[in-house]
Amino acid sequence: MRNSYLVFGQPLLEQPEIDEVLACMKSAWLGTGPKVAEFEKRVAAYKGVPHALALNSCTAGLHLACLILGLQPGDEVITTPMTFCASVNAIVHAGATPVLADVDPLTMNMDPEQVRRKITPRTKALLPVHFAGRACDMDALMAIAREHNLKVIEDCAHAIETEYRGQKAGTIGDLGVLSFYSTKNIVTGEGGIVLTRDPQLARRTKVMGLHGMSADAWKRFSDDGYKHYDVEEIGFKYNMMDLQAAIGMHQITRVETWWQRRWQIWQRYLHELKDLGLGLPAPWPADERHGLHLFVLQVDEARCGISRDELLMRMHKQNIGTGVHYRSIPTLSVYQRRFGWRREDTPVATTIGDRTLSLPLSPKLTDADIGDVIAAVRHALRAS
């Protein structure tokens, strides 16, 4: 057993980030300023869009996306039950009503045929989530959106590197939202970015993300002299700080190198865990690129002789941290109370949510770390 605990989702932080944060602190400009602007520029260039608007979280970005696209109380937004609660909460906080479409058992992404079955005259938007970094079937979803005049918000919390048939995830719908939470492929501690090609949507995102003000503090106090601001809308305090961007602006320069390292880990997991009766991630089409954010196992007790929760605890006792991504949304009590959702409403997602277990997948991991993870899985299954 390892001597030290292997934390799940630990980020790799290198010297340039540390130096940039120190420079930021020494400059005494900690809030939204030039480093946020530089981070936005670098992310926009990587994703191939003209506009990337930095906020304090992906959740904030999803919330603003719902509001900026004009969702109103009574409007319905179709999303997936295999997601973090933030995807659903953003819809609720915008005053709209979430509707769940079950997932494909292989991709674990929202099934377009299930989406079609959920459309009503009140449906106004789709919110697909590129689960674990695998692209949703965006051709099918965009066709549905065009047919029914729906807006599309891509939840790209797992998908900064993800590509779908030559298109970058987050640039296909009306708006895409990235996450830079501390377990993501690129981190700022907390943080998110809204992507769009539409200059009007970009401007409203920027304005609504900082109280509804017409100019942020950096612009008001820049070397050009003080400029008065207007408050154009009732906005939110969702802006990113330069302290956060100081980390992200260097992380984004290594996104491809780190993807390659995660690919090496992914291939080793596939090779060394293939004979254990576990459900492994399904392959994806050659014209797509997986973001490789989560390596998700499916633990079927009938096949493995052990439940997901027992495997998780046995891994923990061997000093290996794991994750559960995710318990299906209808199994969570607040949504059962508020919407009357039940486990059987989305049977595929419920089955996946009862079995899913994510292994550590970070460029910070050494070959020895990966060996420890594999050995712990094998030992835990043998113990059953």
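Of the residues making up the range 307-348, those that are within 17 Å of Asn89 (Cβ to Cβ) and of a type outside the set (Phe, Trp, Tyr) are His325, Arg327, Ser328, Ile329, Pro330, Thr331, Leu332, Ser333, Val334, Gln336, Arg337, Arg338. Taking only the range 258-277 into account, find how many residues are among the aliphatic types (A, V, I, L, M) and without any contact (Cβ under 8 Å) to a residue 40 or more places away in the chain. Looking only at that region, the number is 1. Candidates in the range 15-28 are the residues that are surrounded by 15 or more Cβ atoms within 10 Å (Cβ to Cβ) and closer than 20 Å to Asn185 by Cα; of these, the one that is nearest to the chain's Cα centre (by Cα) is Glu17.
In the range 133-152, of all residues being in contact with a Ser or Thr (Cβ under 8 Å, 6 or more places away or on another chain) and not in a loop (DSSP other than H, G, I, E, B), the one that is surrounded by the most Cβ atoms within 10 Å (Cβ to Cβ) corresponds to Gly133. Where helices (runs of 4 or more DSSP H) fall wholly inside the range 1-113, the ranges with 1 or more residues that are free of Cβ contacts under 8 Å to residues at least 40 places away in the same chain, in the same structural domain as Gly133 (by TED's automatic domain parsing) and not polar (S, T, N, Q) are 15-27, 34-47, 85-93. Put simply, of Thr366, Thr350 the only residue that is among the β-branched types (Val, Ile, Thr), modelled with pLDDT of 95 or more and buried (at least 19 other Cβ atoms within 10 Å of the Cβ) is Thr350. Of the residues screened, Arg2 is not one that is modelled with pLDDT of 95 or more, among the basic types (Lys, Arg) and at negative phi.
The values are calculated or read from the model by the stated rules, or taken from the named source; none is laboratory data. Everything numeric here is computed off the predicted structure, so don't read it as measured data. A quick note on method: Cβ atoms are made from the backbone with ideal geometry, for glycine too, and the neighbour counts reach across all protein chains shown.
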